[in-house]
Amino acid sequence: MLIVQDGIPQPETVNRDLLQKIKEKKRKQYSCDEYVDGILAGNRVMLGQAITLVESMLPEHNALAQEIIEKCLPYSGKSIRIGVTGVPGAGKSTFIEAFGKYLTSEGHRVAVLAIDPSSTRTKGSILGDKTRMEELAVDENAFIRPSPSAGTLGGVARKTHEIIFLCESAGFDVVLVETVGVGQSEIAVHSMVDFFLLVLIAGAGDELQGIKRGIMEMADAILINKADGDNVRNAQLAARSYSNALRLFPPFESNWKPEVHTCSSVDRSGVPEVWNMIQRYKEQCTDSGYFYEKRNRQALDVMYAAVDEQLKQNFYNNKNIKHIIKGLEDMVISGKMSSYIAAKKLIDSI
């Protein structure tokens, strides 16, 4: 007769003590006033949690986020907002770290909103900018927030404009928005910043054909990065080519003449000159009234963009639309109805 012994008792697959500690440390849900007080006090942890609420798709989080933003709004608007874009490999993140470290050494507080591209398949993002800005990430006067682009135009996160308000309310007087790359769609970044900086490198191909005209027309300045070592002369030649090309463009509404500078993020040469240029830009545009006129237009653009988004959400959440949309999709796929007629039927059903 075969007898099977019980054997050694197996431990539980769940560590009960660890689970209890996790529950005890579970993030507390703060009130709106607690978030606002923390943000105004410059608490970066509270700022980060508030930004998470802004980025959340949950209705309850969105409602709390909007309440926080509304109370922080009177304390915002006191920074210079700088958009940084450029070709892949131009060293945008490296430049931002060198630029940010220079600014903090000069007594400024710097917020970096680094937009990472979201996968169209998985909807995920790497969010690795903190690993590329190791020095700035540990600077107590800097705040780095990588955000997923969430498939929005130009790789700009849908909530970036609201996040800028929160960062300004937390006392950051320089806000840098790093974008995914270069292209016509980067107009989305241009529409939310005061100064638009295009970062390029020399020797990566035809300097004037390798970049789209549209992005150059939006740039308030072009920065030729990696101007160090054996590449100094190439960078200077590229800067000269871009300076000549910019003279062919029509004048800016601000009457600012775009400048071309060279820079090395490695030895940090040229970095102070970039900041001096941005200060001259702000002074000139403030004196002419253009600086705040542009911000007012941007605020209205955001309002209408929010209207478009809300209308789209309301449309697809409408009961009538949900009821008939599958049937219309099947008819379009089978060729029994044109796409335009199906769209008209959807609109008419509201």
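The values are calculated or read from the model by the stated rules, or taken from the named source; none is laboratory data. Fair warning: this is a prediction, and the values are worked out from it, not measured in the lab. When we count neighbours, we look across all protein chains shown, and the Cβ atoms used for this are built from the backbone with ideal geometry, even at glycine.
Observations on the structure shown:
- Looking only at residues of the stretch 301-350 that are under 17 Å from Asn62 (Cα atoms) and of a type in the set (Val, Ile, Thr), we find that the one that is surrounded by the fewest Cβ atoms within 10 Å (Cβ to Cβ) is Val307.
- Filtering the stretch 240-284 to residues that are free of Cβ contacts under 8 Å to residues at least 40 places away in the same chain and touching a Ser or Thr at 6+ places or on another chain (Cβ under 7 Å) leaves Asn255, Val260.
- Tyr292 vs. criteria aromatic (Phe, Trp, Tyr), touching a residue at least 60 places away in the same chain (Cβ under 8 Å) and in a helix (DSSP H, G or I): no
- All positions within the stretch 198-211 that are under 17 Å from Val177 (Cβ atoms) and either surrounded by fewer than 24 Cβ atoms within 10 Å (Cβ to Cβ) or modelled with pLDDT under 85 (or both): none
- Hey, Gly128 more than 25 Å from Ala306 (Cβ to Cβ), at pLDDT below 65 and in contact with a helix residue (DSSP H, G or I) (Cβ under 8 Å, 6 or more places away or on another chain) or not: no
- Candidate set: the stretch 247-274, residues that are closer than 25 Å to Thr104 by Cα and of a type in the set (Gly, Ala, Ser); chosen: the one surrounded by the most Cβ atoms within 10 Å (Cβ to Cβ): Ser265
- Within the stretch 46-53, at least one residue is closer than 14 Å to Cys167 by Cα, hydroxyl-bearing (Ser, Thr, Tyr) and at pLDDT below 95.
- Counted residues, the stretch 212-237 - those being of a type in the set (Val, Ile, Thr), at pLDDT 85 or above and buried (at least 17 other Cβ atoms within 10 Å of the Cβ): 2
- Just one of (1) within 21 Å of the chain's Cα centre (by Cα); (2) surrounded by 15 or more Cβ atoms within 10 Å (Cβ to Cβ); (3) charged (D, E, K, R) fails for Lys78. It is (2).
- Check on Met337, outside any helix (DSSP H, G or I) and farther than 30 Å from Lys78 by Cα: yes
- Residue in the stretch 275-298 that is surrounded by fewer than 16 Cβ atoms within 10 Å (Cβ to Cβ) and among the aliphatic types (A, V, I, L, M) present: no
- Residue within the stretch 89-110 that is at pLDDT 95 or above and in a strand (DSSP E or B) present: yes
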